[in-house]
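The values are calculated or read from the model by the stated rules, or taken from the named source; none is laboratory data. These figures come from a predicted structure and were not determined experimentally. So basically every Cβ, Gly included, is an ideal-geometry build from the backbone, and we count neighbours across all protein chains shown.
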Amino acid sequence: MFRAPIGNSGQALVFTELVLKHLHTYRQTKPGDLEAGGQLFAKISLNQVYVCEVTGPRSGDKRGRYSYRPDRKAEQMEIRERHSRDVHFIGDWHTHPEPVPSPSHTDSASMVDCFRKSKHSLNAFLLVIVGNAEFPQSLNLTLYDHSGMVAALDLWPFPELENEFVSP
């Protein structure tokens, strides 16, 4: 399990092992590997944003070595289905074919656009970019709001959080 403090908010971003394994599976470690991506979903409490579900890639996504475009209709269905279970969309993830990734201009613009167009009560959306080095060095976590990048977060191993989340 990994934990990332969210600035001075008192909240932490917590990733389950299942979510981390999913992201790890799609690292672009071979020359022919295509970018992959999907959405991130969490249960939100006063102290933490518990990232408990991840989607993608989907058959309708457009994937290339250096590009990824999601199937937007499938994304909307994923959001609606999870929202009915009180599991909230908090952002997106995708891979880059480099060891330690950083968001491109396109990545940043896409997240700002998504934040502006979405109906939600969050202060920011999360973008996770997965590089091909080992975790956690290969994970780039960036928060975006309507004006752009808010913060870059650092992940820390936090095994004592396993199974600590209590649904609000």
Counting only residues in region 33-58 that are more than 21 Å from ASN123 (Cα to Cα) and either modelled with pLDDT under 95 or hydrophobic (A, V, I, L, M, F, W, C) (or both), the one surrounded by the fewest Cβ atoms within 10 Å (Cβ to Cβ) is identified as LEU34
Picking from ARG65, ARG85, which residue would you name as being in contact (Cβ under 8 Å) with a residue 12 or more places away in the chain and of a type outside the set (Val, Ile, Thr)? ARG65
Take region 6-24 and flag every residue that is within 21 Å of LEU122 (Cα to Cα) and surrounded by fewer than 22 Cβ atoms within 10 Å (Cβ to Cβ). ILE6, GLY7, ASN8, SER9, GLY10, GLN11, ALA12, THR16
By residue number, the members of region 93-130 that are farther than 15 Å from LEU153 by Cα and either of a type in the set (D, E, K, R) or crowded, with 21+ Cβ neighbours inside 10 Å (or both) are HIS94, THR95, HIS96, GLU98, ASP107, MET111, ASP113, PHE115, ARG116, LYS117, LYS119
All-but-one check, PHE41 against (1) without any contact (Cβ under 8 Å) to a residue 60 or more places away in the chain; (2) closer than 18 Å to ASP92 by Cβ; (3) part of a loop (DSSP other than H, G, I, E, B), failing number (3)
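Only one residue in PRO57, PRO70 is in contact (Cβ under 8 Å) with a residue 12 or more places away in the chain, over 20 Å from TYR144 (Cα atoms) and under 17 Å from the mean Cα position of the chain (by Cα). Which one?
PRO57
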